[in-house]
Amino acid sequence: MLTPEELDALLETALARTRAPSNVAAVRKALPAGQKPAAQQVEAGLDRLADQGRIHRWPGRAKKFAAVTPQSFAQEQVLQALAARPLTEGEIKRQVPAAAKPLVKSALAALVSERTVIKHPRLGRRTPFGLEPPDAADYLPLELETTFKRLMKLGFEESELQLALRRYAGTGATENDAQDGAQEILAAMPRLNSQANRGALVYLADLRAALARQFRDKDAFDRAVLALAEAGKVQLQSHAWPGRLSDDEKNALIPNGRGGFFDAIGLRLE
């Protein structure tokens, strides 16, 4: 039969392994295999350890114990949730274990106070928290969308505003940029269709998707493709039934200037 000292050591080890708060039954189950003490003995041992401050009781109606304090456990769970990206308080609560959910608000307050976590400025309807300072790139799209909507009411086209923004930021399109964009398109076509160098067609929707990072807006891609056609480098094929296209499908294609849309591109062979 285990002495009280031996039982205490086993209980402490079991709780240290689980980290999460556990009830009497869970702690008893975590004890080494073999003849285990009765549940009453386990509960008495846990109460004894908690009274001595060697383990910690958990708040709530259910009787639970943990090797760490509730606040330490909650802070640890909050930090784990924020490791990937900034989150709001509600989003953190959805990610942490049930035992930590009621403690998220106080854990966040303590972490912000000690500057381990940073409260970010309001982003739309969200107030995120993060381990790093806020990234301005997260805030620009919403502000730009608002600005673009206001300026478009004054008569500006979105493509004009995109170009103006690039000029303002010092990244406006240059002759070299246009040449680089053309080369990106010509290089991507054989990757999408192994027979492209023999004149096989590539769907423009697939090509646009494959080059989404190189062409950040629709008009830049459209202009690059049309410039290649005008230079005689490629040939474009119009969609046979433009009236059947949805708005999303039309947006992925290129207007042909005749009420229809180009939907495929092929290298013009010498």
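Any read-out appearing in this document is the output of simple, stated calculations on the displayed coordinates, not a laboratory observation. Note that the structure is a prediction, hence the values are computed from the model and not measured. As a convention, Cβ positions derive from the backbone with ideal geometry for all residues, glycine included, and neighbour counts pool all protein chains shown.
A few comments on the model shown:
- Sequence-distant residues sharing a close amide H with residue 238 (under 5 Å, placed H): 263
- Helix axis angle, 70-82 relative to the chain longest principal axis, alpha carbon, degrees: 10 degrees
- Note on residue 131 and residue 1: their simple-model spin labels are 5.0 nm apart, each label 7 Å out from Cα toward Cβ.
- Cα-based helix-to-principal-axis angle, 158-168 vs the chain, degrees rounded to 10: 80 degrees
- Within the shell defined by Cβ-Cβ distances under 9 Å, the residues around residue 42 carry a net charge of +1, with Lys and Arg each +1 and Asp and Glu each -1.
- Taking the C-alpha atoms only, the angle from helix 175-192 to the longest principal axis of the chain is near 70 degrees.
- Among 145-158, 79-92, the peptide with the highest mean count of other Cβ atoms within 10 Å heads the list, and the full ranking is 79-92, 145-158.
- Note on the chain: dipole from Cβ charges, positive end direction compared against 186, 42, 235; the farthest Cα belongs to 42.
- With K and R counted +1 and D and E -1, the other residues having a Cβ less than 14 Å from that of residue 92 yield a net charge of +4.
- When each of the peptides 94-105, 1-12, 217-228 is scored by how many other beta carbons lie within 10 Å of its residues on average, the order from highest to lowest is 217-228, 94-105, 1-12.
- Relative contact order for the chain, counting Cα pairs under 8 Å that sit 6 or more residues apart, in percent: 10 percent
- Structure-derived Cα Rg over 2.2 N^0.38 Å - corresponding label in (i) 1.69; (ii) 1.23; (iii) 0.94: (i)
- Each residue of the range 32-45 was assigned a 3J(HN,Hα) from its phi angle through the Karplus curve 6.51 cos²θ - 1.76 cosθ + 1.60 (θ = phi - 60°); the sequence is x, 4, x, 6, 9, x, 5, 4, 5, 5, 4, 5, 5, x Hz, with glycine and proline shown as x.
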